[in-house]
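Novice: Here you go, one structure.
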Amino acid sequence: MIHNTKHFIFIPVLILELLFSFCCSAFSDSNSLSMLYGGCGGIYFYAPQGELWVEVAKQDLNKRSNKTYLRAILFGPDRTVLDEVTIPDDGLSEGSGQGPVKRTMLRTNVERPGIYGLNITVSEDRYGEHMSWAFRTNCKHYLVETSRGHRDARHEEPLVLRDEGREGDVCFLPEPTPFSIEISDIPGGITSISLYDTTGKIITSLSISTEGMAKQEISSGVPRNNTPWRLHLPNCRATINIDGVTRWTYGEPWENLSLWTPDLSSWFNFHDNRWLLTPYNRTIYDTAGKQGAVQYTVHNNGTKPKRVSLAIEFDSGQEWPVTLSTGEVLLKADEAKPVSLEYSVPANGDEWTCHIRATVQDESRFSTWSSLTLRKGEAPAAKPVGIPIKLEPYRHENEQFGYLPDYPLDNQVYFDYDNQPYILVNDGLFITRGGAWQKTTDARRGDNGETIPIRPAETKVAFDRDNDIYFLGRAGGTTMLLHSRDHGATFTAWAIPGSGSFDIEQFSGHNHPAGPPPLARFHETARDPNMIWRRINDLDLFLPVKKPDGSIEIGDPIPVSKQSIGLSVHSGIPSSMVSRGDKVHITWGEATDPADNAPGVPAFVATYDRTTGTLSKPSLAGYGPPANDIHNTPCITMDSKGYLHVLVGTHGRTFKYTRSLEPNSASGGWTQPVDVGPGLNQTYVGMVCDSDNTLHLVFRLWLNDTRYFPAGHYANLAYMSKKSGEAWSEARPLVVAPFSEYSIFYHRLTIDRNSTLFLSYDYWSTFWFYRTDHRGNRRSLLMSSDGGNIWQLAPSKELITE
């Protein structure tokens, strides 16, 4: 419910002070606010037992006609959503000036102390440039995290204060190394801004230039003592940047933690204790009498060793058989250790919950908790799911369906000729042996016999006709082709000459490399400073050869293009190459002269003939709008008859489809490229072809209806198919984002040897607050064994073979 601002006019200030803990962001007893912020983000509360409330206000600036619906979500330590409210757009016209202040209240009763939070997002305004927000709360200890939507640039979260005429403070934790404070947009009449330490001792005064700007360098010699400092502003209209608070150096201890407070007394040590115990919650299903275990991770985000005690808590009278593997964990700085929570399913009842409390054994006694919910019976994930899956804030596949598979979820799954699964992770390759997953973690260099750790360079796994395994890795600055002749038990690494981005031909339905899979190398030679997505690359093709002794000869590069736009494979994982017999087909997009006003990125296809050693002239497959955009990577596959199928990638536009007129040849002509559907806003091609020659396509689809959100566009992970000789099907959303505005799914579509589709995806929101709060990925694996009609979250048994 939205509370009318008139309700605040007649409440005496003395009563408010008795009832509430005020801070500099508190409302006054009139309709004005004492501090208004730009940007999005949220607040973390270190809440004791008792009632917790937070009041949120929003004021539209009405600088343009966008609809700014503010969504406020109050959540608990285990990320259970406790309350949720939306403050709508004020409905005023563009240019009408600041609108009325609208306010609302969120409440919960805290039964277990810990870290609670408030998530603030805004529709059609992911940077918080067209509205201001403020809050007040009865919680004495809290920190604001200013976090907007992402930009395709260095992460910065400037503190934008929009409350001219009132003084206030910005309190922050100074980083230990030298740092800079920069302030701009300072109103006239102010000559200096003072910086104090936590005791109130002045550190320095920042002089204000005639342009309303101030800058101060702080040396490492000024004592920090891991305590907050206070920047006092005589007038709360300013834009503030502080190294270590609003911008960061890659790899620094508190990177991306944009934490601060307007009230020094509200400070608590959250930096050192971020992600203390994760996951925040787990939901599992099992049968009566069964025993099992769930793994949690205790993490030290601080720079000093830490001892953390662990304990299990139950609701009154709700104890059930559950134990921790240890009651205490000793952690080095920036170290994480797993702990196991072992349970037995009671005979009586249907659902049980426990809470795992983690408490730091130091003077702070910082403490928070995660939860485990055990339900009797079969998990909904074991059956087909209703499509689309509507992700909700803090309620993804595990919370909704009890999805908790045994297989690795780091990346997509590939299948060899025996239909055995393989999954790459950041330090090895997972394979199945004896009904269990095992990881191969090292390889031997083919040139000198040195043992090296496996460090994959990308996520694809490929196979040749001998069922040997291949993938790309790195050793130092060298890209390697890793090869196994014993089903992944051991690997030999072979150096690939040159540098850049590499791709490897992977199975997409009907391609069968005669020998080691072909490789593509994209070596960037230029970037356009005026067009962020315009890149120029040399594209070369490698055709490795396997010798009789099992060694690999990479061979010389075969030049393909000097104008390649590059390769975009983080989502879609498009295929650049397909092979059959002695023919290798490669597709790529090219950069064009911006003055030419090309209708899009031109996508080309060429065929290399191993027998003659010649590369055909490039054939134009079509244009993927907009021009000069690396997102528009094309994708190629082939059907059982050898016909080539190409989707021309786009960025927020409709994909173009074309097919070769001759089998196993890019030179015999192509069908006229056509849109796969009318008016679809598509990005990130993922395509395979099944045994019936049906093409399957997965992509990100933008929609801007109001089915799930009152305003703004939103992302869907969508699916289409094309049966042989028929048109493309209508787009069908499979997964819907939990927030409006920008999202991606890092989706990868693969197919096994029986034409079962596997769709791996990892939801990614533009909003830093949501992403930073979660430790690890959220990747899930959908599968369809009936050609894309019915989907389910892949059960563990589907990927395990004896």
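Novice: Is it true that some residue in the range 735-742 is charged (D, E, K, R) and open to solvent by 40 Å² or more (accessible area, probe 1.4 Å)?
Specialist: Looking for residues that are charged (D, E, K, R) and open to solvent by 40 Å² or more (accessible area, probe 1.4 Å), one finds none in the range 735-742, hence no.
Novice: Could you grab me the full set of residues in the range 238-255 that are more than 23 Å from Glu211 (Cβ to Cβ) and either open to solvent by 30 Å² or more (accessible area, probe 1.4 Å) or in contact with a His (Cβ under 6 Å, 6 or more places away or on another chain) (or both)?
Specialist: Of everything in the range 238-255, those that are more than 23 Å from Glu211 (Cβ to Cβ) and either open to solvent by 30 Å² or more (accessible area, probe 1.4 Å) or in contact with a His (Cβ under 6 Å, 6 or more places away or on another chain) (or both) turn out to be Thr249, Tyr250, Gly251, Glu252, Pro253, Trp254, Glu255.
Novice: Sort through Phe745, Phe769, Phe758 and tell me the only one that's touching a residue at least 60 places away in the same chain (Cβ under 8 Å), farther than 28 Å from Pro338 by Cα and crowded, with 22+ Cβ neighbours inside 10 Å.
Specialist: Selected residue: Phe758, the only one of Phe745, Phe769, Phe758 that is touching a residue at least 60 places away in the same chain (Cβ under 8 Å), farther than 28 Å from Pro338 by Cα and crowded, with 22+ Cβ neighbours inside 10 Å.
Novice: Further question on the same structure: Quickly run through the range 281-308 and pick out the residues that are of a type in the set (Ser, Thr, Tyr) and open to solvent by 30 Å² or more (accessible area, probe 1.4 Å).
Specialist: Result: Tyr285, Thr287, Thr297, Thr303.
Novice: Output the residues belonging to the range 192-236 that are among the hydrophobic types (A, V, I, L, M, F, W, C), surrounded by 16 or more Cβ atoms within 10 Å (Cβ to Cβ), out of contact with any Lys or Arg (no Cβ under 6 Å at 6 or more places or on another chain) and closer than 26 Å to Asp163 by Cα.
Specialist: Ile193, Leu195, Ile203, Leu206, Ile208, Met213, Ala214, Trp229, Leu231, Leu233, listed by residue number.
Novice: Here is a further query. Is it fair to say Gly76 is open to solvent by 10 Å² or more (accessible area, probe 1.4 Å) and of a type in the set (Gly, Ala, Ser)?
Specialist: Considered against the rule, which asks whether it is open to solvent by 10 Å² or more (accessible area, probe 1.4 Å) and of a type in the set (Gly, Ala, Ser), Gly76 comes out as no.
Novice: If we keep just the residues of the range 504-552 that are free of Cβ contacts under 8 Å to residues at least 24 places away in the same chain and under 19 Å from Asp468 (Cβ atoms), which is least open to solvent (accessible area, probe 1.4 Å)?
Specialist: Here the residue is Lys547.
Novice: If you take the residues of the range 30-62 that are modelled with pLDDT of 95 or more and not in a strand (DSSP E or B), which of them is farthest from Val160 (Cα to Cα)?
Specialist: Going through the qualifying residues, I end up with Gln49.
Novice: Of all the residues that make up the range 113-159, how many are of a type in the set (D, E, K, R) and under 17 Å from Gly38 (Cβ atoms)?
Specialist: Total meeting the criteria: 9.
Novice: Arg365 passes all but one of (1) touching a residue at least 12 places away in the same chain (Cβ under 8 Å); (2) exposed (fewer than 13 other Cβ atoms within 10 Å of the Cβ); (3) touching a strand residue (DSSP E or B) at 6+ places or on another chain (Cβ under 8 Å); which number fails?
Specialist: (1)
Novice: For the range 386-403, which residues satisfy the criterion of being assigned to a loop (DSSP other than H, G, I, E, B), among the hydrophobic types (A, V, I, L, M, F, W, C) and either more than 29 Å from Leu74 (Cα to Cα) or touching an Asp or Glu at 6+ places or on another chain (Cβ under 9 Å) (or both)?
Specialist: Leu391
Novice: Mind checking whether some residue in the range 134-147 is open to solvent by 20 Å² or more (accessible area, probe 1.4 Å), more than 30 Å from Glu313 (Cα to Cα) and at pLDDT 95 or above?
Specialist: no
Novice: Looking at (1) touching a Ser or Thr at 6+ places or on another chain (Cβ under 8 Å); (2) within 23 Å of Arg748 (Cα to Cα); (3) in contact (Cβ under 8 Å) with a residue 60 or more places away in the chain; (4) open to solvent by less than 50 Å² (accessible area, probe 1.4 Å), which one does Phe401 not meet, given that it meets all the others?
Specialist: The number of the failed condition is (1).
Novice: Moving on to the next point. Which condition number does Thr492 fail, the rest of (1) surrounded by fewer than 24 Cβ atoms within 10 Å (Cβ to Cβ); (2) of a type in the set (S, T, N, Q); (3) within 26 Å of the chain's Cα centre (by Cα) being met?
Specialist: (3)
Novice: Right, something else. Being in contact (Cβ under 8 Å) with a residue 40 or more places away in the chain, part of a loop (DSSP other than H, G, I, E, B) and on the phi < 0 side of the Ramachandran plot is the filter here, so list the residues in the range 691-712 that pass it.
Specialist: Those that are in contact (Cβ under 8 Å) with a residue 40 or more places away in the chain, part of a loop (DSSP other than H, G, I, E, B) and on the phi < 0 side of the Ramachandran plot: Ser691, Asp692, Thr694, Tyr708, Phe709, Pro710, Ala711.
Novice: Working only within the range 784-798, note down all residues that are surrounded by fewer than 21 Cβ atoms within 10 Å (Cβ to Cβ), at negative phi and of a type outside the set (Ser, Thr, Tyr).
Specialist: Asp786, Asn789, Ile790, Gln792, Pro795, Lys797, Glu798
Novice: For residues that are small (Gly, Ala, Ser) and modelled with pLDDT under 95, scanning just the range 213-232, find the one that is nearest to Ile242 (Cα to Cα).
Specialist: Ser220
Novice: Please pick out the residue among Ile452, Ile431, Ile423 that is within 17 Å of Gly473 (Cβ to Cβ), within 21 Å of the chain's Cα centre (by Cα) and not acidic (Asp, Glu).
Specialist: Just a single option satisfies the conditions, and that option is Ile423.
The values are calculated or read from the model by the stated rules, or taken from the named source; none is laboratory data. Not measured: the values here are computed from a predicted model. Quick reminder, even Gly has a Cβ in these numbers, built from the backbone with ideal geometry, and neighbours come from all protein chains shown. These area figures cover heavy atoms from the full protein model, side chains too; ligands, DNA and RNA do not enter into them. Shrake-Rupley method; radii C 1.70, N 1.55, O 1.52, S 1.80 Å.
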